[in-house]
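Input: a single structure, listed below in structure tokens.
The values are calculated or read from the model by the stated rules, or taken from the named source; none is laboratory data. Because the structure is predicted, anything quoted here is derived from the model rather than measured. Here Cβ is always computed from backbone atoms with ideal geometry, including for glycine, and neighbour counts include all displayed protein chains. With ligands, DNA and RNA removed, areas are computed over all heavy atoms of the protein, side chains included. Shrake-Rupley method; radii C 1.70, N 1.55, O 1.52, S 1.80 Å.
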Amino acid sequence: MTLAPSTPHLTLAQDTATEAARAASPFAIRGMTVSYGQKPAVFSIDATIRAGKMTAIVGPNGAGKSTLLKAALGIVTPLSGQVTMYGQPLKAMLPRIAYVPQRASVDWDFPVRVIDVVTMGLYRHLGLIGRLTGAHRARALACLDRVGMADFAERQIGQLSGGQQQRVFLARALAQGADLYLLDEPFAGVDAATEKAIIGVLKSLRDEGKTVVAVHHDLSTVPDYFDDVLLLNVRKVAEGPVADVFTETALAEAYGGRLQAARPDAVPVTG
Amino acid sequence: MSGADFVPFSLVPLLIGCLAAVACALPGNFLILRRQALIGDAISHVVLPGIVMAFLVTGTIAAIPMLIGAAAAALIAVAAIEGIRRFGRIEPGAAMGVVFTSMFAAGVLILELSDTSGVHLDVEHALYGNLESLIWLDATGWASLTDPVALAGLPPELGRIAVVALLIVALLALFWRPLAISTFDEGFAATLGLPVGAIGLGLVIVSAIAAVAAFDAVGSIIVIAMFICPPAAARLVTDRLVHQVLWSVAFALISAVLGYVLAGYGPLWLGFGNSVSAAGMIATVSGVILALTAIAGPKRRRI
């Protein structure tokens with residue numbers, strides 16, 4: 001059989017494979033475009049996150065990493081794009097998703113205690129007027145314990161360090177008991193002990209079969225922390241296992257002239 | 001003071017003052033935490049032309065037309081702010097200030113030109129309320145509280161503000177969790193499936209209803225103190241949201257009672273001949289409470 005100039009059968013087979021991968025993905029994005037004003041912040045991004053893996057969303061400042069997450073979750077309205085979890089629209093699957101916003105996005109002077117923040121993660125169990133029972137409290141405390149913050153349950157959140165605040169946010173996500181965890185810069189401005197605690201919890205979630213996606217900005221830790229990487233700069237630059245796509249070529253394409261400043265510990269290009 | 005004096009002349013104004021203060025302080029807690037205290041200011045200004053226009057159209061000062069008028073005025077204000085911001089290239093804060101003040105001024109002018117002699121609606125009333133005149137002429141003493149004939153003569157303003165205060169308490173109790181979660185972390189609240197836009201809009205609408213209902217008591221300017229001062233003082237006393245809201249209610253009640261009594265009798269104690277405006281004194285007392293908590297509140301923070 002000779003190769004025809006165009007190979008419609010092969011394309012069809014590829015499409016079917018892509019469709020199958022999307023349907024099996026807990027977080028599949030197709031044709032996502034978001035714009036704040038004139039310039040697109042995210043342009044026509046397709047991504048198929050693998051189930052049971054840890055994926056880093058990486059790119060320079062202003063690459064649209066946070067915006068991609070927010071648009072996928074419907075927090076900001078995209079111009080176009082579909083997001084699915086196991087083939088279902090993400091909106092319908094929100095009960096199985098936990099989102100951890102950027103720490104700086106909330107007012108930490110807010111008059112609540114640590115335990116109150118974590119029980120916000122139980123809202124779907126409590127509903128509008130369900131009573132907060134001892135069992136709910138115990139569950140919230142167990143989540144705090146998992147991030148090493150059980151002793152701080154009664155503190156007002158403003159009294160915590162940045163790293164401790166980030167761990168409380170993670171505990172709230174744990175309380176949701178989700179299958180997909182979407183985290184926006186969970187390591188931004190945290191101390192080394194917190195970073196170790198958070199990555200430990202995220203890896204244990206992955207080992208339980210959960211899917212973890214985190215916006216991440218420290219290129220040097222990507223190979224240690226993550227299985228897969230989604231490299232962005234408004235458009236998608238690369239997507240796949242770290243060993244395959246976290247290359248100097250791809251990073252240079254995403255970061256442009258800023259690559260030197262970023263000092264990546266990238267996988268060298270081979271072959 | 002005997003019941004024969006107190007019940008007809010002071011009981012109703014005191015109750016209306018207390019209910020208005022609580023109705024405003026409750027949503028005020030969340031406006032402050034959302035850094036939207038200016039919305040309380042905006043509502044209080046924009047409500048006046050709405051109420052005046054509603055009066056001109058319907059000829060009465062009933063609750064529903066006043067609310068519709070206030071809502072219409074608020075929509076016009078939003079459109080005007082957006083227009084000035086877009087076409088005048090003026091920053092949003094300045095655009096808001098200009099629109100609110102102009103609309104309030106227009107409300108005062110229309111009010112001056114209109115014949116409102118038949119109702120409790122004039123410029124003085126619009127500026128600092130009408131609390132002292134909301135008397136219960138059918139009452140003769142404490143016994144009147146169980147006399148259906150006398151009760152029928154209660155000023156309608158009392159029923160109106162009581163219904164509004166109860167409505168706000170009920171809404172707050174029912175929607176406490178979504179309101180608290182979306183006030184703290186709106187993005188997270190959206191991923192819980194909460195309608196964050198509707199919750200924010202609902203808070204503004206409830207605040208507007210409180211402002212309209214409190215109009216009789218304190219006018220449309222001093223009401224801003226009722227939205228802001230008790231919750232802001234409460235925030236300085238506690239680090240828990242439930243406690244903050246309860247403290248704000250306590251401060252609102254103290255301001256209303258103390259303000260009313262001081263306005264009525266304070267000048268006499270000091271040797272002056274006349275009483276002063278109750279609404280003005282309520283706002284002043286709430287400001288003093290805020291100042292005291294700012295100096296000595298256990299949870300104040302120096303920035």
- Item | Ordering of A:120-127, A:102-109 by packing [mean C-beta count within 10 Å, highest first] | A:120-127, A:102-109
- Query: Where the centroid of each part is defined by its Cα atoms, how far is segment B:287-301 from segment A:176-235 in Å?
  - Reply: 42 Å
- Item | Cβ crowding within 10 Å averaged over residues, with A:71-81, B:78-88 ranked highest first | A:71-81, B:78-88
- Segment B:V257-B:T58, extension gain: residue separation times 0.36 nm, minus the distance between their alpha carbons: 68.2 nm
- Task: Return the lysines within reach of A:K203: Cα separation strictly under 16 angstrom, same-chain partners fewer than 8 residues apart disregarded; answer none if there are no such residues.
- Result: A:K53
- Task: Quantify how strongly other chains surround peptide B:179-185 by giving the mean number of their Cβ atoms within 10 Å of each of its Cβ atoms.
- Result: 5
- Message: Could you tell me the relative contact order of chain B? Use alpha-carbon pairs under 8 Å, at least six residues apart, and round to a whole percent.
- Response: 29 percent
- When the Cα centres of segment B:124-194 and segment B:1-20 are compared, how far apart do they sit, in Å? 16 Å
- Query: Is there a pair in A:K39/A:K91; A:K70/A:K210; A:K70/A:K91; A:K65/A:K236; A:K196/B:K299; A:K70/A:K196 whose C-alpha atoms are over 22 Å apart, and which pairs would that be?
  - Reply: A:K39/A:K91; A:K196/B:K299; A:K70/A:K196
- Accessible area drop of at least 20 Å² (1.4 Å probe, protein heavy atoms): which residues of segment A:112-148 qualify, relative to the chain alone? A:R113, A:M120, A:Y123, A:R124, A:L128, A:I129
- Note on the structure: To the nearest 0.05, the calculated FRET efficiency linking A:T221 and A:I129 through their beta-carbon distance, R0 being 35 Å, is 0.20
- Task: Provide the FRET efficiency to the nearest 0.05 for the A:E154-B:A291 pair, computing r from the beta carbons and using R0 = 30 Å.
- Result: 0.50
- Derived scalar couplings ³J(HN,Hα) [segment B:253-264; Karplus, 6.51 cos²θ - 1.76 cosθ + 1.60; whole Hz; x for Gly, Pro]: 5, 4, 4, 5, 5, 5, x, 5, 5, 5, 5, x
- When chain A is treated as a Gaussian network with springs between alpha carbons less than 10 Å apart, the largest mean-square fluctuation among A:T16, A:T33, A:T247 is found at A:T16
- Computed for chain A: size of charge dipole around the Cα centre, +1 on C-beta of each Lys and Arg, -1 on C-beta of each Asp and Glu, debye to nearest 20, value 740 debye
- Descending semi-axes in whole angstrom, ellipsoid equivalent of the protein assembly as shown, from the Cα gyration tensor: 57, 27, 21
- Task: Provide, in order from the shortest bin, the percent of all Cα-Cα pairs of segment B:3-216 in each 5 Å bin, continuing until the bin that contains the maximum pair distance.
- Result: 1, 7, 13, 15, 17, 15, 13, 9, 5, 3, 2, 1, 0
- Query: Over all residues in B:238-246, what is the mean tally of Cβ atoms on other chains that come within 10 Å of each residue's Cβ?
  - Reply: 3
- Query: Quick one: if you stick a label point 7 Å off each Cα along the C-beta vector at A:K53 and A:A192, how many nm between them?
  - Reply: 3.1 nm
- For A:A21 and B:L246, FRET efficiency with R0 = 41 Å and r from the beta-carbon atoms, rounded to 0.05? 0.15
- J(HN,Hα) series, segment B:233-238, from Karplus relation 6.51 cos²θ - 1.76 cosθ + 1.60, nearest Hz, glycine and proline x: 5, 4, 4, 7, 9, 8
- Note on the structure: Carbon plus sulfur, as percent of the 1.4 Å-probe accessible area of the protein assembly as shown, comes to 63 percent
- Item | Mean Cβ count within 10 Å, highest first, over the residues of peptides B:169-182, B:287-300 | B:169-182, B:287-300
